[in-house]
Amino acid sequence: MLLQEIGTLEWSKQEYTAKDDLSEAIDHGILVSNLAFLLSKELGKDDEFCYAMAEAGMVHDIGKLKLGKYLYGRNKDTLVIEEMKYVRMHPTIGYDILKNYEYSDIILETVYHHHENYDGSGYPDNLKEKSIPYGARILRTCDVFAALISERRYRAAFDIDTAIELMVEEVKNFDMEIFLAFLRIVNSDKFNEIQSFIESINKKNMFIKDTK
């Protein structure tokens with residue numbers, strides 16, 4: 001497993017700002033990274049591809065760092081509609097950041113397209129089905145699940161069964177081969193360490209909400 005040790009963080013009401021968003025983003029990246037690695041293994045991919053997906057999972061939301069003044073440090077219950085246009089920019093911004101470093105083409109295209117939906121309803125390019133890079137299809141599945149089962153300031157985390165049910169309702173967004181492989185992981189012993197990590201970050205984030 002690629003799970004990383006995270007130190008215990010102490011929070012106060014006054015500290016509940018951008019630091020919390022950054023911590024949340026790091027936790028999300030670690031979770032998506034591990035899920036993407038396991039899913040790639042389940043799909044029979046070689047080590048090079050699996051580690052590329054792990055790396056892509058860790059940095060897939062880096063574009064949001066450029067959107068800090070719009071997204072971070074907000075004391076609101078929900079993300080307002082006006083902000084959605086900025087959220088939708090983050091894959092393109094992330095790609096522009098990462099291309100200046102020595103990231104492989106597969107990582108770059110995975111980050112850029114990780115919000116494409118299999119039915120063509122995603123962004124930034126409205127790609128459909130097999131035209132979406134394979135890595136992006138993997139990351140899309142992992143990213144949605146990680147978001148659903150994570151505690152957020154504007155909603156409680158969904159339990160794993162409910163998260164899967166919600167994904168099934170929107171299964172048109174996912175490559176079915178990849179989604180079925182993901183279900184196999186969730187229902188296997190491989191998922192135990194992931195589940196422990198999920199519980200630890202949600203416990204921390206619930207504490208943050210309670211001290212707000």
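What follows draws every value from the coordinates through simple rules; no lab data is involved. Given the structure is predicted, the values throughout are model-derived calculations rather than measurements. For neighbour counting, all protein chains shown are included, and Cβ atoms are generated from backbone atoms with ideal geometry for every residue, glycine included.
Of note:
- Between Lys172 and Asn100, the modelled labels are 3.9 nm apart [label points 7 Å from Cα along Cα→Cβ].
- Efficiency of FRET from Cβ geometry, Tyr123 and Asp159, R₀ 45 Å, rounded to 0.05: 0.95
- Which of Leu127, Leu180 has the fewest Cβ neighbours within 10 Å, and the rest in rising order: Leu180, Leu127
- The listed peptides 110-120, 30-40, ordered by packing as a protection proxy, come out as 30-40, 110-120 (highest mean of other Cβ atoms within 10 Å first).
- Spin-label zone in region 21-51 - amide nitrogen under 17 Å from a point set 7 Å from the Cα of Val87 along the C-beta vector: 21-22, 24-26, 28-29
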